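The values are calculated or read from the model by the stated rules, or taken from the named source; none is laboratory data. The model shown is predicted, which means the values in this text are computed figures rather than measured ones. Every residue, glycine among them, receives a Cβ derived from its backbone with ideal geometry; neighbour counts consider all protein chains shown. Note: areas computed on protein heavy atoms with side chains; ligands, DNA, RNA excluded. Shrake-Rupley method; radii C 1.70, N 1.55, O 1.52, S 1.80 Å.
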Amino acid sequence: MAICSAAKNRLIQVLREPEHMASLGLADWELVVRQARCARLLGRLAFQAHELGLWQRVPAPVRPHLEAAARLAEKHRTVMEWEIRQVQRVLGPICQKVVLLKGAAYVAGGLPAALGRLFSDLDILVPKAELAQVEEALLGAGWQPIQLHPYDQRYYRAWMHELPPLEHRVRHTTLDVHHTILPETGRLHPDPQKLLAAAVALPEKPLYILSPPDMLLHSAAHLFQDGQIGGALRDLVDMADLVGHFGRQPEFWSALLPRARQLELARPLWYALAHLRWSFPGLVPEELFQQARSDRPPWPIRPLMNLLIRRALPPELPQQASWLGQTARWLLYVRSHWLRMPPRLLISHLVHKALRRWRGEDTQA
């Protein structure tokens, strides 16, 4: 099933079969470069073109764009590696276990999902009981809270799964300190102690990364339960990379569904498997997908969500903007808030945000 037109599906075609880059003409490349830059995937295409020996078959006018994206991605990776070392230096003396999440984990674990990646922040997971001392240590080492309205501070500390974002006062890098992976007020409540207990140690103590099944489940939960699905194609590509890497081991597949049910993440996993099958055919074992069908949403939610996600997930350039794509993104945005808070709290939160906008105040949460 196509997302929209064949042209709008061009980037997914290249992501699915990178060898296809060798046959693209200049007009195709113009669209792919713009879509990939919008999706923060252009650096990935540059590295794949080199790895697959396709660089000389890329038209000369396109190569500078890919080369610039690759250099930017390398700079981001260098910065991320430095920030990981700083977190290790600061938290090593006071924490027994600091779990790197998402992009930081991909870099530290040497995973394919780090290839050509751009990073916006560094995410870590620590036990909730250690939040106070972790925050105190980070503040003493140069990180400081981003300036937020008092309501937004309360929003993070009372209801969310993380502290308010911290920014280093010299390097201006952002650090997100999590104590679980989904908002505490949300519909699903994966046990952070189970995630911490199964985390895999890195050589650099006290740093860990999530176990392979938990890493995929976290990515699925981040996108399909708590995240902004609109334009988040890179997150689906992350999952494809994780599945392609860890799926070489049969025990990964046998552990995945039982672990998802244990952590209350079977529904996000089903969405992940369904849309991986759609975008990257052959990546997900058919037997596993059939076993996961009991966790899928009921009709008519299932076909509606399929339509919305497939319209909203790819990047949409201004000249491609459509009312259907914009509507899909808006409905999925509303859904993410509905899943994040119970109705009374959500209504109160939205009224508060509306009043602040009416007064001309910035809203963060």
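Results, tabulated for the structure shown:
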| read-out | value |
| --- | --- |
| Spatially proximal lysines relative to K75 (Cα-Cα < 21 Å; intrachain offsets below 8 disregarded) | K102 |
| Length-normalised contact order of the stretch 226-365 in % [C-alpha pairs under 8 Å, at least 6 apart] | 33 |
| P(r) of the stretch 136-191 over all Cα-Cα pairs, binned every 10 Å from zero, in whole percent | 24, 46, 26, 4 |
| Most mobile of L317, L265, L138 in a GNM of the chain (Cα contacts under 10 Å) | L317 |
| For the stretch 252-318, fraction of C-alpha pairs farther apart than 20 Å, in % | 31 |
| Spatially proximal aspartates and glutamates relative to K353 (Cα-Cα < 15 Å; intrachain offsets below 8 disregarded) | D152, E361, D362 |
| Amide proton proximity set for V58, modelled H, under 5 Å, gap of 5+ | none |
| Ellipsoid equivalent to the stretch 33-113 - semi-axes via the Cα gyration tensor, in Å | 33, 11, 10 |
| The stretch 101-114 - phi-based ³J(HN,Hα) in whole Hz, Karplus 6.51/-1.76/1.60, Gly and Pro as x | 10, 6, x, 4, 5, 5, 5, 5, x, x, 8, x, 5, 7 |
| Note, ³J(HN,Hα) from phi for the stretch 260-275, Karplus 6.51, -1.76, 1.60, rounded to Hz, x at Gly and Pro | 4, 5, 5, 9, 6, 10, 5, 5, x, 5, 4, 4, 4, 4, 4, 8 |
| Mean accessible surface per residue for the chain, computed with a 1.4 Å probe while every protein chain stays in place, in Å² | 46 |
| Sulfur and carbon atoms: percent of accessible area, the chain [1.4 Å] | 56 |
| Within a Gaussian network of the chain (alpha carbon springs, distance under 10 Å), most fluctuating of Y333, Y271, Y151 | Y151 |
| Two-site FRET efficiency, V351 against K205, from Cβ-Cβ distance with R₀ of 45 Å, rounded to 0.05 | 0.45 |
| Theoretical gain in end-to-end length, H50 to R359 [0.36 nm per residue, Cα-Cα removed] | 106.0 nm |
| Extension gain, S120 back to L72 (0.36 nm per residue minus Cα-Cα distance, nm) | 16.0 nm |
| For the stretch 218-233, 3J(HN,Hα) per residue [Karplus equation, 6.51 cos²θ - 1.76 cosθ + 1.60, θ = phi - 60°, Hz, x = Gly/Pro] | 4, 4, 5, 5, 4, 7, 9, 10, 10, x, 8, 5, x, x, 9, 4 |
| Relative contact order (%) - criterion: Cα under 8 Å, at least six apart; region: the chain | 16 |
| Surface/4 of the Cα convex hull for the stretch 189-328, nm² | 9.8 |
